[in-house]
Structure formats: structure tokens, C-alpha cells
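The values are calculated or read from the model by the stated rules, or taken from the named source; none is laboratory data. None of the values given here were measured: they were computed from a predicted structure. Positions of Cβ are generated from backbone atoms using ideal geometry, with glycine treated the same way; all protein chains shown enter the neighbour counts. In case anyone asks, the SASA skips ligands and DNA or RNA and just uses the protein heavy atoms, side chains included. Shrake-Rupley method; radii C 1.70, N 1.55, O 1.52, S 1.80 Å.
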Amino acid sequence: MPAPSGSTLARTRLLLGATLAATLVAGTAFAQTATAPLSAPVAPSAAASQPTRHGPASVADLADALSGAVVNISTTQTVAAERPIQIPKAPDGSPLQEFFDEFFKNQMGKNGGAPRKIQSLGSGFVIDASGLIVTNNHVIDGADEITANFTDGTKLKAELVGRDKKTDLALLRVKPLKPLTAVKFGDSDKARVGDWVMAIGNPFGFGGTVTVGIVSARNRDINSGPYDNYIQTDAAINKGNSGGPLFDMYGDVIGINTAIISPTGGSIGIGFAVPSKTAAAVVEQLKQYGETRRGWLGVRIQGVSDDIAESLGLKEAKGALVAGISEKGPADKAGIQAGDVIVKFDGKDVPNVRELPRMVADTPIDKSVEVVVLRKGKEVTVKVALGRLEEGEKLAAADKPGTKPDSVVPTTKTVAGATLAPLDAEARAKFKIKDQVAKGVVVTEVAPGSAAAEKRIQPGEVILEVGQEEVASPEDVVKKFEALKKDGRKRALLLIASAEGEMRFVTLASAE
């Protein structure tokens, strides 16, 4: 993809380099002056009287070179009519009732019951001179018409090429009469906390607004999706900046401005951008296929806490704990088991549970990868042929609901404040436990303030394993706790399923 105004951008880089070089020279002169002996006074100079400056003197040339590639996105959406106007009632027999009827019927005739159009504004940027534009999905979501407004006054109708809700990205296409100014993605992995960045966008509809700040933090998780690893910046980002580019000082896009935290609705210096490493791969798939094609492992995972690491005999809390396996999914076919801790994926270490979904998603579908798991204290390497995430999600959505409640479940044993009972037909009916939870021991009550309550164990959940061994009755659970206590194990690792079949691991003190 062509870079913006090559000669201008190159000249801008030279100017920035010269500015920084001059700053360093000035800093050296200032340092020499500050350390000179008192017997040899130095005449006052501009360098001595000014503090050292480490930022660029101006980003005017850089902004001028890049602004042509940034567009304002305006959308129009048709929404259903508002609730019909309620005609007020005058007192019975009042001569005003006829007036009210006539007046409000006229009002309803003008706008009552008719659909109306609403408009919204956002930002975007050109990544291909032929007319490809990147923006946020929430900017164009539900739009009937999309228009790209350029800095030279040109307005072009845009069509949607593809979108990705998980990363909130969308790719648009316009048909220009001449090649457009375009920018390219940079390497967000090279961005360091403290690096200068520049945002250009359309805040509050003002258009063509440039703001400058620094990278405030990296790899931020704001709980907006499964692949959160945002760049945080203090460059002013407001409503309308969504979908606009976050540039580094080389003029490359290292982020796509997406969200802000603000109790006032305006910028308070906490903005978030999708890093280019994530965005570039998604945009390329949207360009080729009109949709995403992410790798799929077919596991449900959770983090490895210190308690879980201790119960599994791990030296440190790392990796991703497999809490469940998708039936007939890639992991199921390869032999990965619930209770395995994934520590390596395709030759790369898995530092924590957040990283694994991104690593899998970025891997091509159908690729055969090696997955290293810790299973009962030993490393096991498994070969897995990845599937496609989108197909896996369709299979998960097709699950059938469980049975309906009917009667009360009897209780038999209590462990750590949790009352346990057999998983029979009555238990399934009472707690609406799905058929996919095939066996285990159901929790019927949890005593307030107990160890089970502290771990948020709920009535209706099913204990599948204790100490990575299956249990089929309340007696099995009690015996397993007693055996772990005799072996000197302080904690017992429990695999628990919700009534819907979602699984997780918890630890309970084996002494209780």
C-alpha cells in the first residue's frame, strides 16, 4: 500500500531528526555550562537559559502530509416510528374536546407513525489508494447509507466490504475518480510507553482535528471483547474520533482509536486504540474474504491462579487451564483433556489465559500445530489441526436447552459448606441441568460464609472431578477430600460445571 506523499513524509522525518539532534546538542551545551567552575563564568546564552526539550518542536509537516488520508464518516439510519401521540381527554361534555381531536390528529398526520432517519459521525482512514477505508464497526453499524467526507470537500458513497464485531473493525470501499492519499500500518509491537503519537479525526463533528500525546500504556484489557490488548494514549480522543488513526512519528498507523473512559463524555486523557498488529490481520481477511477466518482450538479456558498452581503441583502460575472441551472440536479430536494446562502453542510460550485466544485466532485455519500441556505433573505434546472459530461458534449456538424442573432433590453429604446429592433425574429437573453434563455430583445448597461460598460455588452446579479424578456420588467427593488430606495436600482442585455445561476449576482446602 502506498505511503502518504512520499517526498513530504521523508522531509518530515528529516526535520524531526534534525530537531531532536539540535535538542541533544542544546542539552549538552546546557550540561557543560551547569558543570563549569565558578572561577570561569560563562556568558548567558539561549541554551543556558532554556530547559532541555526532548519532544519534537512541531508536527505540522507530519499532520499536513497525513490529513488527506483521514476521512470523516457520516451515516444515515432509518429507525421505526416513535410511539403515537396520545390525544389528551377534556372533561366530559367540554367544547374543547373537538379542538383537541382536530389539533392532535393533524400532528399525527404530519409525523406520527412514519419512520425517521438519524445520522451519526465518526472517522476513518484510507489504506489503499484505490478506495479502501478502515473504521470502527460501531461507527457504521446499522447504517443504511455511509458517506466518506475528504479534507478537500469530496464526498463519496461507501459500501461495506466486511466487519468484525470482536475487534470493532470495519472495511469500506469507495470509488474515487483519482488515486487517494493512503497511509500504511506500522508495527505496534515497537511502540513503547512514552513514545509520541498523533491522532487525527472528527471529534464532535468538527472534522480534521489533530491531537498529540504519548503512549500511556500497552496491552490494556477493558473487557470489551476476547482479544483486548489496547494501546492507551493521552492524546485527546472524543466522540467522533472513533475509527480514526493513531500515528507514530514516522507517519505509520499503529492504532485505531476506538474507545474512551470519561465520566463527562469528553476526553480526560484516557483513550484506547486497537493495535495495528491486531487490526492489520483482521483488515487483510476482510479485504480477501469479506469476513474473518480465525483459528479455533475448541477449548474453554480459565486463568491459573496461585491456588490452582499449588493444587496441580506447578512451580508458578502460568499458562491457560482447560476447563472444558468442545465436543468433536479440534482439541477433542487431538486428545486434549479438561484439567490440562496449556503452556505452549505452536512453539510459543503461553504466559497467561489472555494471550492464548489471540495466539489461536491469529493462526491459519487447518494448520497443524503442536500444543504442549501439563497433565498430572508431566509435559505432553499434542498435535492439533485447527478449525475455524466462526464454525465452532455456530455449533455452540445450536446446543439444545435442558429439561424443565419438576421436584426436589434429596441431599446426602456436605463438604466445605456445600451440600451434595446424586445427579439423577430429579436433580436435573430441579436445577435445569443440561444433558451434556452427563455425570457428577450436584450441589444442592451452599452455607453462607463457608469455603464453598467464598469460591462462589452455586446450587445447581455439578462437581465433575476432585483432584483430576472423576466423581459419581457424594461419597466419592468425601473420600477424595479425605485421601488428599492424608497425602498432605492442602488444597483440592475441583472441576465444576454449571447447569448449562460451562466448566471451571476451583480450589478448596482439603482439610475442611
Extension gain, Ala509 back to Glu291 (0.36 nm per residue minus Cα-Cα distance, nm)
73.7 nm
Computed lengthening from Ala472 to Lys178, 0.36 nm per intervening residue step minus Cα-Cα distance:
98.7 nm
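Quick one: order Ser58, Ser188 from most to least accessible surface, probe 1.4 Å.
Heavy-atom accessible area, descending, gives Ser58, Ser188.
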Cα gyration tensor of region 243-325 - equivalent ellipsoid semi-axes, whole Å, descending
34, 22, 13
Which three extents, in whole angstrom, do the alpha-carbon atoms of region 154-278 cover along their principal axes, largest first?
41, 29, 29
By the mean-Cβ-within-10 Å protection proxy, highest first, 436-447, 349-360 rank as 436-447, 349-360
Give me, ordered by chain and number, the residues 5 or more places off Ile214 or on other chains with an amide H under 5 Å from its own placed amide H.
Val197, Asp234, Ala235
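Which value, in Å³ per residue, describes the convex hull spanned by the Cα atoms of region 295-338?
Working: hull volume 3.3 nm³, N = 44.
Dividing the Cα hull volume of region 295-338 by its residue count gives 75 Å³.
Tally up the carbon and sulfur contribution to the accessible surface of region 411-505 as a whole percent, 1.4 Å probe, everything protein left in place.
Working: 2090 of 4650 Å².
C and S atoms contribute 45 percent here.
Treating only the Cβ atoms of Lys and Arg (+1) and Asp and Glu (-1) as charged, compute the dipole magnitude of region 162-276 about its Cα centre; round to the nearest 20 debye.
Numbers: 12 positive and 10 negative charges, 98 e Å.
The dipole of region 162-276 has a size of about 460 debye.
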Starting from the Cα of Lys165, draw a straight line to each of the lysines and keep only those under 21 Å, dropping any in the same chain fewer than 8 residues away.
Lys239, Lys277, Lys287, Lys394
